[in-house]
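Below is one structure; the comments refer to it alone.
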Amino acid sequence: MEKIKRNILLNPGPATTTDSVKYAQVVPDICPREEEFASIMRTLRKDLLKVVHASADKYTSVLFCGSGTINIDICLNSLLPANKKVLIVNNGAYSSRAVEVCEYYGLPHINLKFDVDKLPDLELVEKTLKENSDIALVYTTHNETGTGILNPVKEIGALAHKYNAAFIVDTTSTLGMRPIDIEEDNIDFCMASAQKGLMAMAGLSFIIGNKEIIEKSKDYPKRSYYCNLYLQYEYFEKTGEMHFTPPVQTVYAAVQALKEYFEEGETAKWQRHLRTFEAIHKGLAELGFKNVIKREWQAGLVVSAIYPDDKNWDFKKIHDYCYERGFTIYPGKISTTNTFRLCSLGTIDVRDIEDFFVVFRQALEHYQVAIPVIYK
Ligand SMILES: *Cc1c(COP(=O)(O)O)cnc(C)c1O
């Protein structure tokens, strides 16, 4: 195998991958309707359950062809019974995306908004549930990737269940990195796409959720033809296949990535992401950058830094300087503050971050940005 140029992606996914995952896509052509391919997907579905410690009796995983947002769309449009409401516990850009999905489908919903740099107020969540007995779904985001804040999903899930609602969590930027135990964390549905925590390729997404609820949703209003959870689940159960053409080569990459995931191990992998995250903090602190989110609230995967008040600071120029040298940095996702993000996703480690900060410092010096950086 020829070595492929290794880029260090510090954006919040797609992540840096191994060459073995990249090469896993180079396989003989196969019709995905062959039993050989169905059998690969059956194993893949089972292995995904193991990542969140979900028992196969109670939970199932359903694969889709699409980027991670397809999961948000599918969960919301498929799992809401008629005449019921969704409660979105919203403190960031990804939960706001769920609100937009509700708006597009015309789903009755409550957008319970909190500041993007604060944790949601659980008393207010409970009060809302108490006052609205027609809430059937509670929705939130585990790690709000736009800022890096970690939401208390276990506590929100407990409240959802206390008021007989199902709990959906967007775990796209934690699954396969920060350990999740679906049952213990009070989650009924979680989700991710292959290009994030699993360090595979974009194009394959999956929902892991409670089988009984999916089976019940058979009788819920059908709001989408392509993106319906029950229909895809039923087709998988009957035939072992996706209803429509799967992303064939991407599936092979995901299978290889999962093999590498189990070889590295849940704990070791999380420790690696965590020390990479610490190295990012160390590098930023040495240059004087400030964080958006309180350190103890961060999920350990995304660092949001505030732009310095320096007339020579130009994110685009700094980005381009780093990009040309193999390091990708990423803008923030907060409308009110100018921020950029550095993330510890992917097959990267402390050494890569140290290499990055050599280049990043050079970029600041090159454009005459003061070090340590200045804030007014
Ligand atoms: C990346 C991400 C998604 C999915 O984004 P796509 O661009 O559709 O892949 C959804 N939710 C969260 C929290 C994410 O980090």
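Read the figures in this text as sums done on the coordinates, not as results from a lab. Please read all numbers here as calculations on a predicted model, not as lab measurements. Counting neighbours? That spans all protein chains shown, and the Cβs are built from the backbone with ideal geometry, glycine included.
Numerical summary
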{"quantity": "Sites Glu286 and Glu183 - FRET efficiency at Förster radius 51 Å, r taken between beta-carbons, to 0.05", "calculated": "0.75"}
{"quantity": "Alpha-carbon Rg with Dmax, taken over segment 130-177, Å", "calculated": "11.8, 36"}
{"quantity": "³J(HN,Hα) computed for each position of segment 31-39 - Karplus, 6.51 cos²θ - 1.76 cosθ + 1.60, integer Hz, glycine/proline x", "calculated": "7, x, 8, 6, 4, 4, 6, 4, 5"}
{"quantity": "With Cα atoms, 0 to 90° folded angle of helix 248-264 axis to the chain main axis", "calculated": "70"}
{"quantity": "Cα-only radius of gyration and Dmax that characterise segment 17-168, units Å", "calculated": "18.4, 58"}
{"quantity": "Proximal lysines relative to Lys294, as straight alpha-carbon distance under 23 Å, when same-chain residues fewer than 8 apart are discounted", "calculated": "Lys113, Lys118, Lys154, Lys282, Lys333, Lys376"}
{"quantity": "GNM top mover of Phe206, Phe357, Phe167 - the chain, alpha-carbon springs below 10 Å", "calculated": "Phe357"}
{"quantity": "Once the Cα gyration tensor of segment 266-366 is diagonalised, semi-axes √(5λ) in Å", "calculated": "22, 17, 11"}
{"quantity": "Calculated Rg and Dmax of segment 28-263 using C-alpha coordinates, Å", "calculated": "17.0, 58"}
{"quantity": "Residue-by-residue Karplus 3J(HN,Hα) for segment 214-220, coefficients 6.51, -1.76, 1.60, Hz, glycine and proline x", "calculated": "4, 5, 5, 5, 3, 9, 7"}
{"quantity": "For segment 121-135, 3J(HN,Hα) per residue [Karplus equation, 6.51 cos²θ - 1.76 cosθ + 1.60, θ = phi - 60°, Hz, x = Gly/Pro]", "calculated": "7, 5, 5, 5, 4, 5, 4, 5, 5, 5, 7, 10, 6, 8, 6"}
{"quantity": "Set of lysines near Lys5 by C-alpha distance (under 18 Å), chain-local residues within fewer than 8 positions excluded", "calculated": "Lys22"}
{"quantity": "Volume in Å³ per residue [convex hull over Cα atoms, computed for segment 183-280]", "calculated": "147"}
{"quantity": "Dipole moment magnitude, nearest 20 debye, segment 213-282 about Cα centre, only Lys, Arg, Asp, Glu C-beta charged", "calculated": "280"}
{"quantity": "Over the chain: helical MRE at 222 nm, DSSP H runs n ≥ 4 each giving -39500 (n - 2.57), nearest 500", "calculated": "-12500 deg cm²/dmol"}
{"quantity": "Relative contact order for the chain, counting Cα pairs under 8 Å that sit 6 or more residues apart, in percent", "calculated": "24"}
